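Down below is the structure, laid out as structure tokens.
Derivation of every value follows stated rules applied to the coordinates shown; laboratory data play no part. As the structure is a computational prediction, the values presented were derived from the model and not from experiment. Glycine gets a Cβ as well: all are built from the backbone with ideal geometry, and neighbour counts include every protein chain shown.
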Amino acid sequence: MNSVINITPENFQQVILQDSQTNVVMVEFWAEGYEPSQQLAPVLQNVAAKFSDSLIHARVDCQTQQEIAGQFGIQNLPTVMLIKEGQPIDGFAGVQTEAEIIASFEKHLPKPEDGLYQQGVELVTAGDYQQAYTVLKQAHELDATRADIKLLLADCQVELGQIKPAKALLETIGLVDQDALYNSILGKIELAEQAAESPEIKALQAELAANPDDLELKVKLAVQLHQANQTEEALELIVSVLLKDLNFGEAKKLTLDMINALPDGDPLKSKYRRKIYSLLY
């Protein structure tokens, strides 16, 4: 979408009426040899490049396309209009800076986090929580205030065993945004915490308390905790085994499997990768 479209009677309907149904069209009305038009043109090119995923840059040469300029009631040059769904939604006349144009227009354009959030919704619907987490974390970093992004991210965190971060994120959700998804996530957290209190885990914890140096017990408990979505606790425990004996049983392989199962962008992944690398190298 980086190339500029020159509007003519032949493509008017396609660009102005049809393409504007799915994208915002920025129409630049200009004239050859007119200095303000020449001054504004490269600025608009830069704006179009920055929003190339959602903005179509169209130009109307008012010397050769006087009828089209007349349809829009153009009186001054340069004039710029934003068209959405066939209708002007914003615009200005004269020369403006790039910062002024972006400040004026960006409210009409999809933000990067919008696209990431939508991608996250589709991935969650498909059950791909790992990839959804990575995408939604990027969206959250772009806008940490949006409740819809935070809720979906927290849902992924629970599904991936990140119970503590999910609970922390839910604590930032205001009362007005505590919807059905919010309550669903709370229910998932409660189930996850109950799973962490299973008889098998409690029995292993009791054995380990009586035999705190038993590495085999630590590995068994770490596996059970990981299966119960207590990922951080599992990693902390199994890495403590490697600190004692790097080649103990399958501890190294299990640790790497747990780390690799974490989604990209998860702080735990980078944290425990660093720990493993410091042990191995």
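In region 23-128, Cα pairs under 8 Å separated by at least six residues give a relative contact order of 33 percent. Taking other Cβ atoms within 10 Å as a rough exposure proxy, TYR117, TYR133, TYR277, TYR182 sort from fewest to most as TYR277, TYR182, TYR117, TYR133.
In terms of its C-alpha gyration tensor, region 5-108 has an oblate overall shape, because the principal axis ratio a/c (a ≥ b ≥ c, square roots of the eigenvalues) is not below 1.5 and a/b does not outweigh b/c.
How high is the relative contact order of the chain? Use alpha-carbon pairs under 8 Å, at least six apart in sequence, and give a whole percent.
Working: 350 pairs, mean separation 35.5, N = 281.
About 13 percent, as a whole number.
Sorting GLU67, GLU122, GLU159 by the number of Cβ atoms found within 10 Å of their own Cβ, with the fewest placed first, yields GLU67, GLU122, GLU159.
Coupling constants for region 145-159 follow from the phi torsions by the Karplus curve (6.51 cos²θ - 1.76 cosθ + 1.60, θ = phi - 60°), and in residue order they are 9, 6, 5, 5, 5, 4, 5, 5, 5, 4, 4, 5, 4, 5, 4 Hz; glycine and proline get x. Taking 28 Å as the straight-line reach from the Cα of LYS220, the lysines in range (excluding those fewer than 8 positions away in the same chain) are LYS164, LYS167, LYS188, LYS202, LYS244, LYS252, LYS253, LYS269, LYS271, LYS275.
Rounded to the nearest 20 debye, the dipole magnitude of region 91-249 is 20 debye, with +1 charges on Lys and Arg beta carbons, -1 on Asp and Glu beta carbons, and the Cα centre as origin. Taking amide H atoms as placed 1.01 Å from N in the peptide plane, the amide H of GLY91 lies under 5 Å from those of LEU82, each 5 or more residues away in sequence or on another chain. Using alpha carbon centroids, what distance separates region 91-114 and region 1-72, in Å? If you average the Cα positions of each part, the centres end up 15 Å apart. For every helix of n ≥ 4 consecutive DSSP H residues, a contribution of -39,500 (n - 2.57) applies; sum these over the chain, divide by its total residues, and give [θ] at 222 nm rounded to the nearest 500 deg cm²/dmol. So the calculated ellipticity at 222 nm is -17500 deg cm²/dmol.
Using only alpha carbon pairs under 8 Å that are at least six residues apart, calculate the relative contact order of region 112-195 and give it in whole percent.
Numbers: 80 pairs, mean separation 19.8, N = 84.
Answer for region 112-195 is 24 percent.
Top mean-square fluctuation among ALA251, ALA154, ALA180, Gaussian network model of the chain, C-alpha springs under 10 Å? Of ALA251, ALA154, ALA180, the most mobile in the Gaussian network model is ALA180.
Dipole of region 5-108, Cα-centred, from +1 at each Lys and Arg C-beta and -1 at each Asp and Glu C-beta, to the nearest 20 debye?
140
If you run the Gaussian network model on the chain, springs between alpha carbon atoms under 10 Å, then out of ILE89, ILE56, ILE163 the most flexible one is ILE89.
In the calculated pair-distance distribution of region 112-195, the portion above 16 angstrom amounts to 46 percent of the Cα-Cα pairs.
Label region 132-281 by shape, choosing from rounded, prolate and oblate, from the square roots a ≥ b ≥ c of the eigenvalues of the Cα gyration tensor; if a/c is under 1.5 it is rounded, and otherwise prolate applies when a/b is larger than b/c, oblate when it is not. Oblate, since a/c reaches 1.5 and b/c is not below a/b. In summary, the chain shows an alpha-carbon radius of gyration equal to 1.50 times the 2.2 N^0.38 Å reference for compact globular proteins. Hey, fewest Cβ within 10 Å first, where do LYS275, LYS218 land in order? Ascending number of Cβ neighbours within 10 Å: LYS275, LYS218. Taking a ≥ b ≥ c as the square roots of the eigenvalues of the alpha carbon gyration tensor, region 199-280 is oblate, as a/c is not under 1.5 and a/b does not beat b/c.
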